[in-house]
Amino acid sequence: MPEAIDLLLTRRSVPAFTLTEPGPSKEQLEQMLTAASRVPDHGKLAPWRFILIEGPARKTFSAKLTELALAERPDADRQKLSEDEKKFDAPLTVVVVSRSGPHVKIPEWEQNLSVGAACMNLVAAAHALGFKANWLTGWGSYDRRVAELLGLSSTEKVAGFIHIGSSDMVPADRPRPPLDEIATRWIG
Ligand SMILES: Cc1cc2nc3c(=O)[nH]c(=O)nc-3n(C[C@H](O)[C@H](O)[C@H](O)COP(=O)(O)O)c2cc1C
């Protein structure tokens with residue numbers, strides 16, 4: 001298992017379409033979801049929940065996505081659609097659902113930040129257990145028909161489809177912003 005700091009300094013997303021078996025065991029999945037729900041959460045609102053897509057449900061879901069895409073745009077690029085379907089061949093996809101909304105005390109913005117933290121903890125936990133992960137949104141995250149397919153309420157939103165599995169691919173690093181451009185010191 002990599003050291004925590006090495007993990008944070010080297011983790012990279014791996015394209016979802018490269019993800020194959022093995023996926024997480026039942027115990028590993030439980031650890032990942034426990035890590036994902038162990039995030040700062042002002043007011044203990046748990047403004048997130050998780051929907052797992054695994055096993056035969058993967059094909060059913062990705063075929064439905066294609067059907068919905070074609071219903072809206074019959075001329076949609078078939079190649080792109082089959083690439084989108086391939087992402088759900090990953091052993092596991094966790095749909096992170098945002099339940100953030102108006103609250104008497106906790107601003108919705110803070111709830112959204114907690115949802116992002118849950119997504120990132122899930123990605124980091126997957127990598128810590130030796131898997132690869134890819135946090136994607138795409139059109140399906142913003143489509144009400146997909147939300148209904150997933151059983152979301154009218155106020156819930158998809159924060160991400162987090163695809164998890166194994167991959168031999170070692171992607172080259174992407175440029176990261178130089179620290180002197182993004183970190184300053186407040187000196188009054
Ligand atoms: C909320 C969110 C949604 C994203 N959706 C997509 C997406 O739909 N397609 C994509 O190529 N990358 C998407 N990304 C970016 C990838 O998750 C990933 O961060 C990036 O490709 C590589 O960065 P990394 O190697 O540091 O993870 C998204 C990132 C975030 C935070």
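The values are calculated or read from the model by the stated rules, or taken from the named source; none is laboratory data. Everything numeric here is computed off the predicted structure, so don't read it as measured data. Note that each Cβ is placed from the backbone with ideal geometry, even for glycine, and that neighbours are counted across all protein chains shown. With ligands, DNA and RNA removed, areas are computed over all heavy atoms of the protein, side chains included. Shrake-Rupley method; radii C 1.70, N 1.55, O 1.52, S 1.80 Å.
Things worth noting here:
- Extension gain, residue 169 back to residue 26 (0.36 nm per residue minus Cα-Cα distance, nm): 49.0 nm
- Anchor residue 87: lysines whose Cα lies under 28 Å away (excluding residues fewer than 8 positions away in-chain): 26, 59, 64, 132, 157
- Magnitude of the charge dipole, the chain, Cβ model with Lys/Arg +1 and Asp/Glu -1, debye to 20: 280
- What you get for segment 46-143, charging only the Cβ of Lys and Arg (+1) and of Asp and Glu (-1), is a dipole of about 280 debye around the Cα centre.
- Taking 17 Å as the straight-line reach from the Cα of residue 105, the lysines in range (excluding those fewer than 8 positions away in the same chain) are 44.
- At the listed q of 0.11 Å⁻¹, the Debye profile of segment 8-114, built from one uniform point per Cα, gives log10 I(q)/I(0) equal to -0.51.
- Distance from the alpha carbon centroid of segment 64-80 to that of segment 143-182 works out to 21 angstrom.
- Taken per residue, the accessible surface of the chain reaches 61 Å², heavy atoms only and a 1.4 Å probe.
- Extending 7 Å from Cα along the Cβ direction at residue 181 and again at residue 142 yields two label points whose distance is 2.5 nm.
- Counting only protein heavy atoms and a probe of 1.4 Å, the accessible surface of segment 78-158 is 58% carbon and sulfur.
- Taking only alpha carbon atoms, the chain gives an Rg to Rh ratio of 0.99, where Rh is the Kirkwood radius.
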